[in-house]
Amino acid sequence: MALFRQAMADVTPIENDRADTRAPPPPPRPRQQDGDGHQAADSLPEPPPAPAEAETGEDLLYCRAGLQRRVVRQLRRGRYPPAAHLDLHGFSRREAYRELAAFLAAAQAQGCQCVRVVHGKGRGSGYRQPVLKVSVDQWLRRRDDVLAFASAPASDGGTGAVYVLLRTSARQG
């Protein structure tokens, strides 16, 4: 014991003998990972799905004020053939938002009147409600270039896809 005390004579006791068991903080993530190409898409607002606004039914349906009911009926029945298609299966919400924004901008620039967006039925999402379906519904409602949208006929995706009627240059205003 004397030998131990002699070896420890110049040692200063530690005030706290507990080890720091906190996990180290995650490494910082750069805000712009993919360069300038995604800068515009990242700066767009991405509204989170609000449960109070989520559709409770299976079918999605939206019509901008002033659009004739006949047009909406024809859209729901598939009378407007989609000129372009976008499938969002496998995308995260952020990726889906970017893809949808770019797709709609390109479709409108090409003069497409109607497009089809496949969002899926949400059976594999692991959440109480389909994430992409609810998100696409809300994103489309907030876009000025969208006149109407409706769940596609069963032969073209049913409640897992929507037909989107776009404002064309002839309909601007």
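Figures for the structure shown
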| read-out | value |
| --- | --- |
| Filtered residues of the range 67-113 (kept if under 13 Å from F149 (Cβ atoms) and hydroxyl-bearing (S, T, Y)) | Y80 |
| Subset of the range 146-162 [surrounded by fewer than 16 Cβ atoms within 10 Å (Cβ to Cβ) and in a loop (DSSP other than H, G, I, E, B)] | P153 |
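Residue by residue, here is whether (1) buried (at least 17 other Cβ atoms within 10 Å of the Cβ); (2) within 23 Å of L61 (Cβ to Cβ); (3) without any contact (Cβ under 8 Å) to a residue 12 or more places away in the chain holds:
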| residue | (1), (2), (3) |
| --- | --- |
| H85 | no, yes, no |
| L88 | yes, yes, no |
| A96 | yes, yes, no |
| A101 | no, yes, no |
| A109 | no, no, yes |
| Q113 | yes, yes, no |
| V118 | yes, yes, no |
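No value in this document is a laboratory result; all are computed from the given coordinates. Just so you know, these numbers come straight off a predicted model, no measurement behind them. Reconstructed Cβ throughout: ideal geometry from the backbone, glycine too, with neighbour counts over all protein chains shown.
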